[in-house]
Amino acid sequence: MGPSDTSDDLDDLDDLDDEAASDDAPGEGGRSRSRSRELLLLTGICLFVLLLVNAFVARPFSVPSGSMENTLRPGDRLIVNKLSYAFGGHPRRGDLVVFDGTGSFLRKPLEPGGLGTSLRSFGREIGLAPAGDSVYVKRVVGIGGDRVTSAGPGHPITVNGVPVDESGELFPGDEPSNVAFDVVVPPGKLWVMGDHRSDSRDSRDHLGEPGGGFVPESKVIGRAAWVVYPVGHWADLDRPDAYAAAEGTGGHGEQG
């Protein structure tokens, strides 16, 4: 075998190595498709986790009106804790709750059926669509079994005969109630009121209606736990101490 034959053999080996390298390494198109698949997969996982969180753990909510001032202001963004009343828990006096007022504060709408309605309902449930005009945020004043009363202007709200000092929560200058009332909250229902009492349509405004102004616990979406926007109004919405005065007052209102 001569030198020229050896040189030709080496060239053939180099060609084979180049072809093998070309076969093993993906081209630019292959790498681009791989990155696109990875990005789509990551996006899908993030969306799935977001849906789970919104459906079962926490849900964003925008305050629609001034009925809860100064505790909450119009446009405040809340995080609603959907686990607060899970596993046998119940709303407690003083809690801020977000609830669907359909059937209590509002008559049941005659919505057309179909895919569009189902998708909107699903979107609201997972927090991807606006909550709509049927969703409210109010403070729980009475729970099942409580007797809640007011003698009108100049008098405090009483729960089971115990006056509740709401001065730390009410809008400055507001009366606890401008109207007198005396109700007993049915089991499984709530009596709710806004902190801006003079600008709140709440349980008092529905006394003469079929639901009596009471909100079923089953309609509660969750507890308003935190204000997260705007930054200057960040707050942890703890239950005020004032409502603890009515604890242990008997009846079957002590649910949790």
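The values are calculated or read from the model by the stated rules, or taken from the named source; none is laboratory data. Owing to the predicted nature of the structure, the values given are computational and were not obtained by experimental measurement. Please note: Cβ atoms are built from the backbone with ideal geometry, for glycine as well, and neighbour counts cover all protein chains shown. Just the protein is used for accessible areas: all its heavy atoms, side chains included, with ligands, DNA and RNA removed. Shrake-Rupley method; radii C 1.70, N 1.55, O 1.52, S 1.80 Å.
Figure legend. Inter-residue proximity from segment 205-223: first residues part of a loop (DSSP other than H, G, I, E, B), second residues of a type in the set (A, V, I, L, M, F, W, C) and open to solvent by 30 Å² or more (accessible area, probe 1.4 Å), beta-carbon distance below 9 Å, spacing 6+ or different chains. Indicated pairs: LEU207/VAL179; GLY213/LEU207.
Looking at VAL179, VAL162, just one residue is of a type in the set (A, V, I, L, M), touching a helix residue (DSSP H, G or I) at 6+ places or on another chain (Cβ under 7 Å), farther than 18 Å from GLY208 by Cα and open to solvent by 10 Å² or more (accessible area, probe 1.4 Å), and that residue is VAL162. Considering (1) of a type outside the set (Ser, Thr, Tyr); (2) in a loop (DSSP other than H, G, I, E, B); (3) at pLDDT 85 or above; (4) surrounded by 15 or more Cβ atoms within 10 Å (Cβ to Cβ), the lone condition that VAL137 does not fulfil carries the number (2).
Consider GLY142 carefully, then state whether it is touching a residue at least 24 places away in the same chain (Cβ under 8 Å) and in a loop (DSSP other than H, G, I, E, B). Answer is no for this residue.
Somewhere in segment 230-243, is a residue crowded, with 18+ Cβ neighbours inside 10 Å, over 14 Å from LEU96 (Cβ atoms) and out of contact with any Leu (no Cβ under 7 Å at 6 or more places or on another chain)? Checking segment 230-243: not a single residue is crowded, with 18+ Cβ neighbours inside 10 Å, over 14 Å from LEU96 (Cβ atoms) and out of contact with any Leu (no Cβ under 7 Å at 6 or more places or on another chain). Among the residues of segment 205-227, those identified as open to solvent by less than 60 Å² (accessible area, probe 1.4 Å), within 26 Å of ARG77 (Cβ to Cβ) and among the hydrophobic types (A, V, I, L, M, F, W, C) are VAL215, VAL220, ILE221, ALA224, ALA225, VAL227. When GLU38, GLU19, GLU69 are checked against the criterion of being open to solvent by 80 Å² or more (accessible area, probe 1.4 Å), at pLDDT 65 or above and acidic (Asp, Glu), GLU38 stands alone in meeting it. One residue stands out among those in segment 182-203 that are outside any loop (DSSP other than H, G, I, E, B) and open to solvent by 30 Å² or more (accessible area, probe 1.4 Å): the one that is farthest from GLU69 (Cα to Cα), which is VAL184. Counting residues in segment 43-61 that are closer than 30 Å to GLY173 by Cα, open to solvent by less than 40 Å² (accessible area, probe 1.4 Å) and modelled with pLDDT of 75 or more gives one or more.
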